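Okay, so here's the structure we're looking at.
The values are calculated or read from the model by the stated rules, or taken from the named source; none is laboratory data. It should be emphasised that the depicted structure is a prediction, and the values quoted were computed from it without experimental measurement. Here Cβ is always computed from backbone atoms with ideal geometry, including for glycine, and neighbour counts include all displayed protein chains. Remember, those area values only see protein heavy atoms, side chains included, never the ligands or the DNA or RNA. Shrake-Rupley method; radii C 1.70, N 1.55, O 1.52, S 1.80 Å.
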Amino acid sequence: MTFLLEAEKVVKAYGSIEALREADLQVREGVCFGLLGPNGAGKSTMMKLITGILKPDRGSIRVFGHDNAQQIDAIRSQVGYVPQEITLHDELSAVQNLRFLGQMQGVRGAELQRRLDEGLAQVGLSERTRDRVGTYSGGMKRRVNLLGALLHRPRLVILDEPTVGIDPQSRHLIFEMIRELRSQGTTIIYSTHYMEEVEALCDDVAIIDHGRVIAQDSLRGLLDQHASRTIYVEADGLEQAPAALPGVGEIAAKGRGWLLQSEEPVAIMAQLAARLAEQGKRVQALELQQPSLESVFLKLTGTQLRDGA
């Protein structure tokens, strides 16, 4: 398989702290690729290495077939990078900020103006284009920040926590922009601590922890391989955990019912239904829970995903 991006045994340290420890990463062209990891795991460092903002201490990174240690200019011209921090000047208007960013990326004249008009309409800011960015809400700034990375029509877009602290409407609009980019063949690397966003947007996922990529696959592949099979049961009078059944692992309370883990959930559901019927307990809910990325993350890292990157 040919990859748009390949990172091999990448090492990066800040003094005595190793942010990345022989990390490997492969990103297919045309996908939305989710990068998950707890605070300090190395996600933002990996993104800055890909764009050439930082240089690896050891290892190699190839993007579009180019070695980023030798051909970073050829890579940067085809990459749009949106850091977690807002990179706009508050005293300038949206148009002034975006015109500057477009010119820095080599887009000028009538073509730049056309892209500005189209982009600002797309992010719902046509009526606020000449207002100072300092008067914008956090969500509005995030939308302009993203638009600024897209003016040169990059093949690869790297998004570091693009929805932190924004309103639901702005998040929805950013999601739609990402889906539109993907439908056009643009590759997206999406770092977030919101796992439901990865489940909604991403084709492939890598989980990074302590500077190492500990799992990488399609979203469905990760869920099939690592997610727990869980049954939810709720019944009148079932105030205590269901008595042990062969093939049932961990049991935990949830709301008014219970969660049971099993590698044979269909068989366990049949046994539960029969047992509850014998006991005369009326079943309110008996269902197989959809596997979640959160359960995969907790299984692989043993910790909850924290804010930050």
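A few comments on the model shown:
- Boolean, GLY139 is of a type in the set (Gly, Ala, Ser), within 20 Å of LEU181 (Cα to Cα), open to solvent by less than 60 Å² (accessible area, probe 1.4 Å) and touching a Gly at 6+ places or on another chain (Cβ under 9 Å): yes
- Filtering region 1-51 to residues that are free of Cβ contacts under 8 Å to residues at least 40 places away in the same chain, more than 23 Å from ALA74 (Cβ to Cβ) and in a loop (DSSP other than H, G, I, E, B) leaves GLY15, SER16.
- Summed over region 22-44, the residues that are open to solvent by 80 Å² or more (accessible area, probe 1.4 Å) and over 16 Å from THR301 (Cα atoms) give a count of 3.
- Selection status of VAL79, buried (at least 20 other Cβ atoms within 10 Å of the Cβ) and touching a Pro at 6+ places or on another chain (Cβ under 7 Å): yes
- Residue match in region 106-117 (condition: small (Gly, Ala, Ser), open to solvent by less than 10 Å² (accessible area, probe 1.4 Å) and touching a Ser or Thr at 6+ places or on another chain (Cβ under 8 Å)): no
- In region 212-236, residue modelled with the highest pLDDT [restricted to those that are open to solvent by 20 Å² or more (accessible area, probe 1.4 Å) and assigned to a loop (DSSP other than H, G, I, E, B)]: ASP236
- Only one of the numbered conditions (1) assigned to a loop (DSSP other than H, G, I, E, B); (2) buried (at least 20 other Cβ atoms within 10 Å of the Cβ); (3) not small (Gly, Ala, Ser) is not met by ILE166, and that is (2).
- Residues (touching a strand residue (DSSP E or B) at 6+ places or on another chain (Cβ under 8 Å), hydrophobic (A, V, I, L, M, F, W, C) and modelled with pLDDT under 95) located in region 3-18: PHE3
- Applying the criterion of being β-branched (Val, Ile, Thr) and open to solvent by less than 40 Å² (accessible area, probe 1.4 Å) to the residues of region 118-136, the residue that is farthest from the chain's Cα centre (by Cα) is THR129.
- Region 247-270, subset assigned to a helix (DSSP H, G or I) and in contact with a strand residue (DSSP E or B) (Cβ under 9 Å, 6 or more places away or on another chain), residue surrounded by the most Cβ atoms within 10 Å (Cβ to Cβ): ILE268
- In region 84-105, residue least open to solvent (accessible area, probe 1.4 Å) [restricted to those that are farther than 23 Å from ASP160 by Cβ and part of a helix (DSSP H, G or I)]: VAL95
- Failed condition for ILE178, given (1) at pLDDT 95 or above; (2) crowded, with 19+ Cβ neighbours inside 10 Å; (3) not in a helix (DSSP H, G or I): (3)
- Of the set (1) more than 17 Å from TYR14 (Cβ to Cβ); (2) assigned to a strand (DSSP E or B), all apply to GLY59 but (1).
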